[in-house]
Amino acid sequence: MDYFIEGCFSWPSYPATVFLLLVCAYWVLVMIGALDLEFLDLGFLDFDADIDIDTDASVLQFGFVPLKWMNLGSVPTMLWVSVFSLAAWMTSRLFDSPAPHATFEWLTDGQAIVRDIGIALFVTKCVTQPLRGRFDPVEPNKASDLIGSTCLVTTSEVTKSFGEAEFSTDGAPLKLTVRAAAESLTKGDKALIVDFDPEQNLYLVNRVDTGA
């Protein structure tokens, strides 16, 4: 055991061991509530945000392409870092010479560290690939999901130029701006949502035929 520990804290495994311990310390602090789970989240890697694409932004995004390819920003940052740190440490212990040495040797240790990082990046890419998109926030009550549902008219009337309605949810009802697709509706009528106009952010509704 002493020989194993000595090897972990000797070159070239030393950097990978320290990095893994820092990651472990982070998770301990998260578990005891001292740090937030998203403390180191790399939100700047979200390229899907609505921004004006100019020359500088395009160059910046191009520079982040390798990071996105490695799934950074597509999975939680600390999950990615945790997989990478463990892969780098295991690679350093499996591939490096078991003979520990305390002095850093630029040629041999440098090559070993670069090799360990390369293998760890490949392993991390493979492990996190199935997780892409699984942590993305799900937008509740998307406009497209409301089409075909019914709502309740809350204004005195709903015409082709005026009207509001409420859509029932598990929580507070959604207030919708609605317009009559055909005939006008009055307060208290049930309306069927038939379409959505994203430019004006309003829904087209028809009166629900309750039958005889």
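The values are calculated or read from the model by the stated rules, or taken from the named source; none is laboratory data. This one's a predicted model, so the numbers in the text were calculated from it and none came from an experiment. Cβ atoms come from the backbone with ideal geometry, glycine included; neighbour counts cover every protein chain shown. Areas reflect the complete protein model, heavy atoms only, side chains present, ligands, DNA and RNA absent. Shrake-Rupley method; radii C 1.70, N 1.55, O 1.52, S 1.80 Å.
What residue, of 167, 104, is modelled with pLDDT under 85, over 27 Å from the mean Cα position of the chain (by Cα) and either under 23 Å from residue 209 (Cβ atoms) or open to solvent by less than 70 Å² (accessible area, probe 1.4 Å) (or both)?
Result: 104 is the single residue among 167, 104 that is modelled with pLDDT under 85, over 27 Å from the mean Cα position of the chain (by Cα) and either under 23 Å from residue 209 (Cβ atoms) or open to solvent by less than 70 Å² (accessible area, probe 1.4 Å) (or both).
Among (1) among the charged types (D, E, K, R); (2) modelled with pLDDT under 90; (3) within 30 Å of residue 11 (Cα to Cα), which single condition is residue 134 missing?
With respect to (1) among the charged types (D, E, K, R); (2) modelled with pLDDT under 90; (3) within 30 Å of residue 11 (Cα to Cα), residue 134 is out only on (3).
Taking into account only those residues within segment 84-101 that are open to solvent by 40 Å² or more (accessible area, probe 1.4 Å) and assigned to a helix (DSSP H, G or I), which is modelled with the lowest pLDDT?
Within segment 84-101, the match that is modelled with the lowest pLDDT is 95.
Among 149, 144, which is more than 30 Å from residue 70 (Cα to Cα), surrounded by fewer than 11 Cβ atoms within 10 Å (Cβ to Cβ) and at pLDDT below 95?
Among 149, 144, only 144 is more than 30 Å from residue 70 (Cα to Cα), surrounded by fewer than 11 Cβ atoms within 10 Å (Cβ to Cβ) and at pLDDT below 95.
Look through 125, 190 and report the one residue that is modelled with pLDDT of 90 or more, under 30 Å from residue 83 (Cβ atoms) and either surrounded by 15 or more Cβ atoms within 10 Å (Cβ to Cβ) or touching a helix residue (DSSP H, G or I) at 6+ places or on another chain (Cβ under 9 Å) (or both).
The match here is 125.
Residue check: is residue 113 at pLDDT 90 or above, β-branched (Val, Ile, Thr) and out of contact with any Phe, Trp or Tyr (no Cβ under 8 Å at 6 or more places or on another chain)?
Here the answer is yes, as residue 113 does meet what is asked.
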